[in-house]
C-alpha cells in the first residue's frame, strides 16, 4: 500500500508536521459574533460552516457539502461590520473579531430579489415535477414567500432565429431524454453549477459546463450533443446533487404503479443491497438496525407478488467470476481482470477505453443475473413464460436503467418475441415516491422475509454495495473454488475497506495443480480515480491481476439514484451500516448459500457451464467510434 500511495500521489506530507500544525490550530480559536451572540470557532472555518454549527440559517443553492465551493448563486450573503458590501458566507473565512449579521433588511431584500428573478424564469409544474417535495428551490420560494409577479418566461423553449449579423434567440432543445438513465430539462435549471462540479470532481469526465454569456448562459454538453453521444457514463451523480428537477433519473414510477394496480401479470421485484441501507438512513433507524425486514414488508404492501434479494445473484456473480479468475490463472488469459458489475464502469470502457474490453470479466452484473434466472428458472417453477412476468429491479444506480435496456439482455417468449430480463428499473428515490403515493411507512410495519427461491443472500453478497465489497466477497470464496481453505480470516481484509479512492492488497491463492500464487488485487472507486489509475496501468507503473472498479465514489451506497443528502458524512455512515450487517450475519460466504447450491445442482450444473455462460455471461461493444464519428460530423 505504501508503494501504491507513493506512486499515485505527487506530494507526500510529513504526518508529524501535519499533527503539530493541527494541534497549533486547535489551540488558537477565532472569536466571532453572529447576530449579536459571541462564539469561538476554528481558524479557516467559513462563515457558512460557523453559522450552521451554531444553529443559524443561511440560504444556499449552489453550495453542497461534498462539492468544491463555487459561490455562484449569491444567496448566502451576510453583512459583516467593516465591509462595504455583503459577503458570500460559503467562500468567506472567519477572522478575529468578525461581526456577522445573517438577517439584516439589506440581506433579506437582496435574497428575495434574487429568488424573484429565478422564480420568474422557472416553470410552474411543481405538481408533476420529479423533485416535488424534495426541491431546495421550492423550499426557498416558500420560506421567503416569493410570488410570481409575471407569467413564467423561459427563453429555453424557443429555437435560434439566425439573422444576417447575429443569433438572437436560444437554439437548442432544453429536453434531453437520449439516455435511458438520466433526463435533463434545462427549463428548470437555476444555474447553480452543482452538476458541473460533480461531473468534474467525482468523475473527471467534464460532460457538463456553462456555455454562452449573460442572459444566454446555460449548462450544456460538448457541442450541445445529446447525453448519449457524449462520454457520459450515466452515473447520475449530477442528478444526485441537482437542487431542482433539471437533471433527474428517467422515471418509471408511473409504469410500475400501473402494473401494481392492474395486476394483469405476475409482478416481482429484486432489491440491491444498498437500498436497505439507504432506507434505514432515510427513516432514521439506529446505526446497528437491519432494515431489510421492514423494506420487504413495505414492498409487499406496495403489491409485489414476489420479492427477491439481489444479494442472491451477487453470490451467483462471485461463483461465476471467481471461477473465471481461477481459469485465467490456470489456463492463461487477459490480465488484469476487471470486475463487470458496475454499468457506469462498463459505459466508460465502451466509450473511452474499448481496448480494455477483453480485460473485463464476461459475467453479467448481479441485476442482470437475477433477471435472467427469474425469467427462466423461476418462471418454469411457476409454470409461466417470460412474457407472463413483470420484473422490477430496485437499484441505487441510474446507470442500471440503461444496462437493463441493452439488446443482449433478453429472452424469447412463447410467442417468439424478445422480452427483457428486467422490465423496469427504479431508483431508491423512485421507490420512496412509490411509498409516498401509496401512503406506506415501512418503519411502522412488522418485518417480512424475501420469497424463496432467490431470496437468500450472504453478507458477502451484501457487501457489493460498498467499494471493496465485490473484491472481499470474491476473496472469501476464491480459495474454495480452488479447493483449499480460506487463509484470510473474515473481517481481516482491512486493506480494501474504507473510502480511499484507490486501495490494494496481495491475496494468497493456490491453483488446481498446487501452485501457490499471490494475486495482486486493487479496488478503485470514482471516475477521477479510475482514470488516474488506468494511466498508471497503461504506463506499466502498476501491475495487478484482479481489479474492482466502481464509478461512484464509495460504491453503490453513493449511487446517483440514492436519496439526496446534505450530510457530508452520509457515505461513511452507510458504509459502516454495511459492515455492521456483515458482522451480525450468520451466512457470510457466497458458496455456502443453500439457494446457490440448489440452483447449480438443479439448473445450472456448475459455475461457467454451458447454460451458465448462456444465461449469466455477456459481451461488450465498442461505442467510442460512434462518439468520434458524431464529433467529426458536427465539425464538418
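Considering each residue of segment 345-386, count those that are part of a helix (DSSP H, G or I) and either in contact with a strand residue (DSSP E or B) (Cβ under 8 Å, 6 or more places away or on another chain) or under 27 Å from residue 276 (Cβ atoms) (or both), and give that number.
Total satisfying the criteria: 23.
If you check 389, 426, which single one turns out to be touching a strand residue (DSSP E or B) at 6+ places or on another chain (Cβ under 8 Å) and crowded, with 24+ Cβ neighbours inside 10 Å?
Sole residue among the options that is touching a strand residue (DSSP E or B) at 6+ places or on another chain (Cβ under 8 Å) and crowded, with 24+ Cβ neighbours inside 10 Å: 426.
Can you tell me which residue within segment 553-581, out of those that are over 13 Å from the mean Cα position of the chain (by Cα) and not in a helix (DSSP H, G or I), is nearest to residue 469 (Cα to Cα)?
So the residue we want is 569.
Which of the residues spanning segment 457-492 are modelled with pLDDT of 70 or more and either in contact with a strand residue (DSSP E or B) (Cβ under 7 Å, 6 or more places away or on another chain) or not assigned by TED's automatic domain parsing to the domain that holds residue 586 (or both)?
Answer for segment 457-492, where residues must be modelled with pLDDT of 70 or more and either in contact with a strand residue (DSSP E or B) (Cβ under 7 Å, 6 or more places away or on another chain) or not assigned by TED's automatic domain parsing to the domain that holds residue 586 (or both): 457, 467, 468, 470, 471, 475, 478.
For segment 127-146, give me the residue count where each residue is surrounded by fewer than 17 Cβ atoms within 10 Å (Cβ to Cβ) and touching a helix residue (DSSP H, G or I) at 6+ places or on another chain (Cβ under 7 Å).
Looking only at that region, the number is 2.
Answer with yes or no whether residue 318 is assigned to a helix (DSSP H, G or I), modelled with pLDDT of 95 or more and within 25 Å of the chain's Cα centre (by Cα).
It is false that residue 318 is assigned to a helix (DSSP H, G or I), modelled with pLDDT of 95 or more and within 25 Å of the chain's Cα centre (by Cα).
What about residue 291, is it in contact (Cβ under 8 Å) with a residue 24 or more places away in the chain, more than 20 Å from residue 371 (Cβ to Cβ) and assigned by TED's automatic domain parsing to the domain that holds residue 590?
Considered against the rule, which asks whether it is in contact (Cβ under 8 Å) with a residue 24 or more places away in the chain, more than 20 Å from residue 371 (Cβ to Cβ) and assigned by TED's automatic domain parsing to the domain that holds residue 590, residue 291 comes out as yes.
Quick check on residue 335: is it in contact (Cβ under 8 Å) with a residue 12 or more places away in the chain, surrounded by 20 or more Cβ atoms within 10 Å (Cβ to Cβ) and either assigned by TED's automatic domain parsing to the domain that holds residue 389 or not in a loop (DSSP other than H, G, I, E, B) (or both)?
no
Identify all residues within segment 61-76 that are surrounded by fewer than 22 Cβ atoms within 10 Å (Cβ to Cβ) and free of Cβ contacts under 8 Å to residues at least 60 places away in the same chain; write none if there are none.
Those that are surrounded by fewer than 22 Cβ atoms within 10 Å (Cβ to Cβ) and free of Cβ contacts under 8 Å to residues at least 60 places away in the same chain: 69, 71, 74.
State all residues of segment 205-227 that are modelled with pLDDT of 90 or more, part of a helix (DSSP H, G or I) and in contact with a helix residue (DSSP H, G or I) (Cβ under 9 Å, 6 or more places away or on another chain); if no residue qualifies, say none.
222
If you scan segment 213-223, which residues turn out to be more than 21 Å from residue 245 (Cβ to Cβ) and either touching a strand residue (DSSP E or B) at 6+ places or on another chain (Cβ under 7 Å) or touching a residue at least 12 places away in the same chain (Cβ under 8 Å) (or both)?
215, 216, 222, 223
Residues in segment 254-272: is at least one under 26 Å from residue 67 (Cβ atoms) and at pLDDT 95 or above?
Within segment 254-272 (the criterion being under 26 Å from residue 67 (Cβ atoms) and at pLDDT 95 or above), the answer is yes, since at least one residue qualifies.
Does residue 276 satisfy the condition of being in contact with a strand residue (DSSP E or B) (Cβ under 8 Å, 6 or more places away or on another chain), in the same structural domain as residue 564 (by TED's automatic domain parsing) and either over 24 Å from residue 383 (Cβ atoms) or in a helix (DSSP H, G or I) (or both)?
Here the answer is no, as residue 276 does not meet what is asked.
Could you list all residues from segment 236-259 that are over 29 Å from residue 466 (Cβ atoms) and surrounded by fewer than 18 Cβ atoms within 10 Å (Cβ to Cβ)?
Within segment 236-259, 254, 255, 257, 258 qualify.
Here is a yes/no grid of residues against (1) at pLDDT 95 or above; (2) crowded, with 20+ Cβ neighbours inside 10 Å; (3) under 26 Å from residue 200 (Cα atoms):
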| residue | (1), (2), (3) |
| --- | --- |
| 21 | no, no, no |
| 45 | yes, no, yes |
| 48 | yes, yes, yes |
| 90 | yes, yes, yes |
| 93 | yes, no, yes |
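Could you grab me the full set of residues in segment 393-423 that are surrounded by 24 or more Cβ atoms within 10 Å (Cβ to Cβ) and assigned to a loop (DSSP other than H, G, I, E, B)?
Selection gives 396, 397, 398, 421, 422.
With the requirement that a residue be within 19 Å of residue 37 (Cβ to Cβ) and in contact with a helix residue (DSSP H, G or I) (Cβ under 6 Å, 6 or more places away or on another chain), what does segment 79-99 give you?
Once the filter is applied, which keeps residues that are within 19 Å of residue 37 (Cβ to Cβ) and in contact with a helix residue (DSSP H, G or I) (Cβ under 6 Å, 6 or more places away or on another chain), segment 79-99 yields 79, 89, 92, 94.
Could you check, for segment 106-121, whether at least one of its residues is free of Cβ contacts under 8 Å to residues at least 12 places away in the same chain, touching a helix residue (DSSP H, G or I) at 6+ places or on another chain (Cβ under 9 Å) and in a loop (DSSP other than H, G, I, E, B)?
Checked segment 106-121: no residue is free of Cβ contacts under 8 Å to residues at least 12 places away in the same chain, touching a helix residue (DSSP H, G or I) at 6+ places or on another chain (Cβ under 9 Å) and in a loop (DSSP other than H, G, I, E, B).
Given (1) part of a helix (DSSP H, G or I); (2) in contact with a helix residue (DSSP H, G or I) (Cβ under 7 Å, 6 or more places away or on another chain); (3) closer than 19 Å to residue 358 by Cα, identify the lone condition not met by residue 537.
For residue 537, the exception is condition (2).
What is the one condition in (1) modelled with pLDDT under 95; (2) in contact with a helix residue (DSSP H, G or I) (Cβ under 9 Å, 6 or more places away or on another chain); (3) closer than 30 Å to residue 202 by Cα; (4) part of a helix (DSSP H, G or I) that residue 532 does not satisfy?
(1)
Restrict the check to segment 96-105 and report whether at least one residue is farther than 24 Å from residue 569 by Cβ, out of contact with any strand residue (DSSP E or B) (no Cβ under 7 Å at 6 or more places or on another chain) and not assigned by TED's automatic domain parsing to the domain that holds residue 192.
yes
What about residue 367, is it touching a helix residue (DSSP H, G or I) at 6+ places or on another chain (Cβ under 7 Å) and at pLDDT 95 or above?
Answer is yes for this residue.
Those residues that are assigned to a loop (DSSP other than H, G, I, E, B) and touching a residue at least 12 places away in the same chain (Cβ under 8 Å), I need them from segment 83-92; list them, please.
86, 89, 90, 91, 92
Hey, any hits in segment 170-179 for a residue that's closer than 24 Å to residue 531 by Cβ, outside the structural domain of residue 379 (by TED's automatic domain parsing) and touching a helix residue (DSSP H, G or I) at 6+ places or on another chain (Cβ under 9 Å)?
Checked against the condition, which is being closer than 24 Å to residue 531 by Cβ, outside the structural domain of residue 379 (by TED's automatic domain parsing) and touching a helix residue (DSSP H, G or I) at 6+ places or on another chain (Cβ under 9 Å), segment 170-179 yields at least one hit.
The values are calculated or read from the model by the stated rules, or taken from the named source; none is laboratory data. These numbers come from a predicted model, not from an experiment. FYI the Cβ positions are ideal-geometry reconstructions off the backbone, even for glycines, and counts take in every protein chain you see.
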